[in-house]
């Protein structure tokens with residue numbers, strides 16, 4: 001699925017939230033390497049667009065907030081919870097905890113000693129980069145955040161978009177397309193990590209995504225019902 005198609009579908013969910021009779025979750029894979037950015041981000045300010053096209057990135061604006069996220073080998077998902085559901089909180093952080101704690105249970109059932117970030121780190125210089133700062137309830141492994149998420153809350157409920165990094169990104173490419181100093185890349189390297197190494201095969205990624213889908217759906221259902 002293209003980045004724009006994926007973000008369009010999530011935007012449709014936001015519009016249709018009041019009509020949802022139950023929470024929904026969906027999973028998608030990127031058609032090619034992609035960059036998504038929050039609703040209020042100006043991509044031309046932070047991305048060298050000629051380099052973005054030259055290197056073959058797909059790009060799209062998310063209907064939620066947050067900063068820039070590079071999608072290489074990801075596990076990406078969207079959760080929608082309508083306002084009438086008892087687990088839909090008026091507090092955004094409670095909703096983050098609901099979804100991310102389900103993700104924590106899912107990934108912990110497969111492998112590893114993971115945790116949720118207890119509180120947001122002090123905001124650094126590169127606040128436009130999701131991978132450069134850990135925020136409250138981010139998934140943490142070995143002191144590094146393993147993904148990013150953003151949420152849009154309306155009078156109809158909330159839509160939560162999330163991405164889990166399954167393998168390290170191409171740091172050299174990211175440095176080429178970012179209109180930021182080298183310190184921005186170093187900040188991301190120091191803060192973020194990935195679940196697997198770069199030597200993971202496509203088949204192994206496929207199998208891992210399948211396991212995560214099953215485990216996450218089960219954990220989320222338990223928390224919602």
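Nothing in this text is a laboratory measurement; each read-out follows from the coordinates by a stated rule. Remember, it's a predicted structure, so these values are computed and weren't measured experimentally. Backbone-built Cβ (ideal geometry, glycine too); neighbour counts: all protein chains shown.
Quick look at the values:
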{"item": "Nearest-ten-degree value, helix 92-110 long axis tilted from longest Cα axis of the chain", "result": "80"}
{"item": "Sites residue 225 and residue 84, calculated FRET efficiency, Cβ-Cβ separation with R0 22 Å, nearest 0.05", "result": "0.95"}
{"item": "For the chain, built as a Gaussian network whose Cα springs stay under 10 Å, the top-fluctuating residue of 162, 147, 56", "result": "56"}
{"item": "Residue-span extension gain [residue 110 to residue 206] - 0.36 nm each, minus C-alpha spacing", "result": "33.1 nm"}
{"item": "Spin-label pair residue 218/residue 197, simplified geometry with 7 Å Cα→Cβ offset, distance in nm", "result": "2.9"}
{"item": "Helical contribution to [θ] at 222 nm, DSSP H n ≥ 4, -39,500 (n - 2.57), averaged over the chain, rounded to 500", "result": "-11500 deg cm²/dmol"}
{"item": "Max mean-square fluctuation residue, GNM over the chain, Cα-Cα springs under 10 Å, options 213, 202, 153", "result": "202"}
{"item": "Residue of 159, 177, 81 that the Gaussian network model of the chain assigns the largest fluctuation, springs spanning Cα pairs under 10 Å", "result": "177"}
{"item": "Angle between the chain longest axis and helix 202-224 axis [Cα atoms, degrees, rounded to 10]", "result": "40"}
